[in-house]
Amino acid sequence: MLHEDTLIATLAVSLAFAFLFGLAAVRLRLPPLVGYLVAGIALSPYTPGLVADTHLAPQLAEIGVMLLMFGVGTHFSLRDLMSVKGIAIPGAVAQIAVATLLGMCAAHFWGWPFGAGLIFGLALSVASTVVLLRALEQQGTLATEDGRIAVGWLVVEDLVTVLALVLLPALAGVLGGQPPPGLATGGSLWQTLAITLGKVALFVALMLVIGARVFPWILKRVVRTKSRELFTLAAVALALGVAFGSAKLFDVSVALGAFFAGMVISGSDHGHATETYLQPLQDTFAALFFVSVGMLFEPTVLVRHPLEVLEVVAIILVGKSLAALAIVRLLGRPLGTALTVAAALAQIGEFSFILAVMGISMGLMPSEGQNYIVAGALLSIVLNPLLFAIANRWRGVPVAPPADTPGH
């Protein structure tokens, strides 16, 4: 295949397979994302037949994460975020600690060193942005109090993970790995931490002080042109531009950068219109995200290490869910809220893969760990709707249909 054809081929083949397998999943009364995951497995280098570009597909999928978080931010105001800080901050930190400890215990029994267990546990502790938001949308709870708590919890998880991604290279030598070339050693840890927190604080301040005034002003001027395509283009440019700039200039994740961009727009009169216009792009690139996850999966791991995979799935589905359930209840929230948050967080995704790749590149985690993480992600994503169904049945809420309907 010619190099210039790679992008077109990856898009065409990935979307075609996603449609075919997604349609088959809906016919079987399964969520379409199950079909997208199977499509990725079919296109992976570990199965016969067509093989998509495994380096390009994840980059395309990341666009879906940016657009999705931007859309969520457009109807999640700063007031909403602050209203749940009392449960989201302590809850997310405690749940990350519990899930990380469970992952470290499992790694210890497998004979892995401390550093490998730490990376592995952190990877199992963070939920997938795409999966959580899609699940809440499907359940119709994204705009509710329970949904705001779950999203706020996710934002805190993302912030903790971003901090971990910055600190791990500085700690690689202490944990038994190899620091990246050029990284200063010795007393650089506290300096790195201070710089990281300073960058994040500066980014948030710029978004809340300047972005909250500039972005609505831009959209207001675009609306006056009465051009729908220019408005859509402006929204996409803001979402992707802020996400990319936040990652490059402030070391903030693209997901969080896009989320804050959408959040400052939510204070304007055009937040809802922005979300509506971007919905088709969000759906398309979110499908690519799930296809790219499927491409990472090596099916033989289920045969070679079935017990290890079962342990990983148990930590994600049972350990994380029970931890979140207990934490929410201890913080004084009702059982219904605890069940919603527990079901929403019982999966892993994009940050887990980033942590795994970083751990392997620094020699902290064996390559088999990535297979366990991807297997855990696939199985937890497939089983996540079942947990929501159980939670809804327990609460006496009618079970939502498993598939998205046109016009959603």
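Of note:
- Span-rule helices in the chain, defined as complete DSSP H runs reaching 24 Å or more along the axis (Cα) with Kyte mean at least -0.5: 6-27, 56-74, 85-109, 145-171, 188-206, 228-250, 271-295, 368-395
- Dipole orientation for the range 173-330: of the candidates Y277, A255, S321, Y277 has the Cα lying most toward the positive pole (charges on Cβ; Lys, Arg +1; Asp, Glu -1).
- Across the chain, the convex hull enclosing all Cα atoms gives 148 Å³ per residue.
- In Å, descending, principal axis extents of the Cα set of the range 256-408: 53, 34, 31
- Taken over the range 1-60, the alpha-carbon convex hull comes to 77 cubic angstrom per residue.
- Rg ratio (alpha-carbon, reference 2.2 N^0.38 Å) - the range 248-302: 1.59
- Ranking of M69, M295 by count of other Cβ atoms within 10 Å, fewest first: M295, M69
- Taking a straight line from the alpha carbon of K199, these lysines sit under 30 Å away, with near neighbours fewer than eight places off in the same chain left out: K85, K220, K248.
- Highest mean first, the peptides 78-85, 298-305 sorted by other C-beta atoms within 10 Å per residue fall in the order 78-85, 298-305.
- For the range 228-339, alpha-carbon Rg over 2.2 N^0.38 Å: 1.49
- Put simply, when 338-347, 376-385, 5-14 are sorted by average Cβ atoms within 10 angstrom per residue, most first, you get 338-347, 376-385, 5-14.
Each reported figure results from applying straightforward, stated rules to the coordinates on display, with no laboratory input. Quantities reported herein were computed from a predicted structural model and do not represent experimental measurements. Every residue, glycine as well, gets a Cβ built from its backbone with ideal geometry; the counts of neighbours run over all protein chains shown.
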